[in-house]
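For reference, the structure discussed in these notes is given below.
Every read-out reported here was derived from the displayed coordinates using simple, explicitly stated rules and does not represent laboratory data. None of the values given here were measured: they were computed from a predicted structure. Cβ coordinates were reconstructed from backbone atoms using ideal geometry, including for glycine residues, and neighbour counts include every protein chain displayed.
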Amino acid sequence: MGIITFRVMDNKHKVIHEFDLTLIGDFFKDLNRQGPGSEEVTHLALHFAEALNKDVRIADIGCGTGGQTFLLAKYTDGTIEASDFMPEFVTSFQKKIDNSPYADRINLRELSMLDLPYKKEEFDVLWAEGSIYNIGYKKGLHEFKKFLKPGGFIAVSEASWFTESQPEEIFTFWNNEYPEIDHIGNKVKQMEEAGYKAVAHFILPEECWWNYFNPIKAHIPEFLNEYPDNKQAKELTEQFEGEIALYEKYHAYYGYVFYIGQKI
Ligand code: SAH
């Protein structure tokens, strides 16, 4: 989910704790994605990870309701270990898997990315689309690496600054929500410092954000109907609207960038 809507990991950030997690799970469980993205960008990142049409073993970490997981299955011939820690997402995504042609290639589990039970060097590809911020970019790159075979690839998308400096309002917003947001050059450097060759990176086009925001906007009235007179539900939707308004105003200054690295 967008950074503001989902930061349960971090006790410093109080706002989210005022929301019932179930409420968030309920809001997003029927939506196809919980972060910015598109079929095209997932495909492009798979290309850089040298996984297209290959029989690779992939871990999809923080998979949400599986928007990108089905694309990983579609564009590779591999098997996917998908995981997310939100029970509502796992239940909803499992139903979709059972009704898909990929049931034999996607294995879904409810797991926290802070404590993954995978074996050393088990995977050819690690995927964390719009989710690595939950453990933190640097920590995630470092911690996940042990699960990757030497020469294997990691692909993550992550909030990044596009400009040298930013207007005060958006600078403060991001530094409160996710202080690890940084310039693209620094993110690339951090990937290298974590022991990867920086293979490629690219900015997600604006339409990726609307693929995320438009279904949220469309779902708000229905959600408020389900939770009449619920103050938290109302506040949650206002938070979404605030995040969308900030993006409209300041999208020249920040966005998501896909970073693809190869374990050395
Ligand atoms: N990859 C999906 C979801 C991105 S939103 C997409 O792009 O649509 C971030 C996801 O991380 C959410 O599904 C959230 O439930 C999950 N998440 C947050 N903290 C987590 C944790 N500690 N362990 C596993 N998943 C987590």
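The three principal axes of the Cα atoms in region 37-84 give end-to-end lengths of 24, 21, 14 Å, sorted in falling order. Our estimate of slack between ASP104 and ASP77, defined as 0.36 nm per intervening residue step minus the Cα-Cα distance, is 8.6 nm. For the listed residue pairs LYS74/LYS96; LYS74/LYS217; LYS145/LYS189, the alpha carbons are over 25 angstrom apart in LYS74/LYS217.
Working note: Cα gyration tensor of region 177-264, eigenvalues times five, square-rooted, sorted largest first, giving semi-axes of 35, 14, 12 Å. If you take the alpha carbon atoms of region 128-176 and fit the smallest convex hull around them, that volume is 96 Å³ per residue.
Dividing the Cα radius of gyration of region 58-100 by its Kirkwood radius returns 0.94 for Rg/Rh.
Using Cβ contacts closer than 10 Å as the measure, can you line up ARG33, ARG105 from fewest to most? The partial results should precede the final answer.
Values: ARG33 21, ARG105 17.
The fewest-first ordering by Cβ neighbours comes to ARG105, ARG33.
Of the residues SER160, SER100, SER165, the one with the fewest other Cβ atoms within 10 Å heads the list, and the complete ranking is SER165, SER100, SER160.
Each part reduced to its alpha carbon centroid, region 204-219 and region 36-60 end up 21 Å apart.
Need one number: the % of Cα-Cα pairs in region 96-169 sitting beyond the 17 Å mark. The answer is 58 percent, as a whole percent.
Using Cβ point charges alone (K and R +1, D and E -1), the dipole size of region 106-264 about the Cα centre works out to roughly 920 debye.
How large is the translational diffusion coefficient of region 165-220 in µm² per second when you combine the Kirkwood radius over alpha carbon pairs with Stokes-Einstein at 4 °C and 1.567 mPa s? For the chosen part, D equals 93 µm²/s. For LEU224, the shell of other residues with beta-carbons less than 13 Å away shows a net charge of -4, using +1 for Lys and Arg and -1 for Asp and Glu. In this label model, PHE202 and SER165 are separated by 3.3 nm, measuring between points 7 Å along each Cα→Cβ vector.
When only alpha carbons of the chain are considered, Rg and Dmax amount to 17.6, 54 Å. Rounded to the nearest 5, the antiparallel percentage of DSSP beta bridges internal to the chain is 45%. Centre-to-centre, using Cα atoms only, region 152-169 and region 244-259 are separated by 9 Å.
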